[in-house]
Amino acid sequence: MSAVTGYHLRQSTAVLRLREEFPDFLICELSGAPERPYFVATNTRSATGGRPHLIVRPCPDQLRQALITLEGGHA
């Protein structure tokens, strides 16, 4: 039987922390190939032009940095 990949129902501590730091974003961890998670965030409010941002990074620290940059350097 193969392992199921996709959305983690029990989010990691890193994802929970990111959700607390960035409440205006929906954040989750998705599984790609085995042992290759992706950390994904999209904003809950419309960005310039009415389109939401979608950010995908390979680790929580890179996602945090992208969100800080997107918010103008303030977490």
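Subtracting the Cα-Cα distance from 0.36 nm times the residue separation, let me have the gained length for Glu71 to Glu35 in nm, one decimal.
On the way: separation 36, 0.36 × 36 = 12.96 nm, distance 2.97 nm.
Gain in length upon complete extension: 10.0 nm.
Just to be sure I understand the curve: with the Debye formula and one point per C-alpha of region 13-70, what is log10 I(q)/I(0) at q = 0.16, 0.24, 0.26, 0.30 Å⁻¹?
-0.46, -0.94, -1.07, -1.30
Once you charge only the Cβ atoms, +1 for Lys and Arg and -1 for Asp and Glu, what is the size of the charge dipole of region 13-70 about its Cα centre, to the nearest 20 debye?
Values: 7 positive and 6 negative charges, 33 e Å.
In debye, rounded to 20, region 13-70 gives about 160.
Throughout, read-outs are computed from the coordinates displayed, never taken from laboratory work. Please read all numbers here as calculations on a predicted model, not as lab measurements. Note that we place each Cβ from the backbone using ideal geometry, even for glycine, and neighbour counts take in every protein chain shown.
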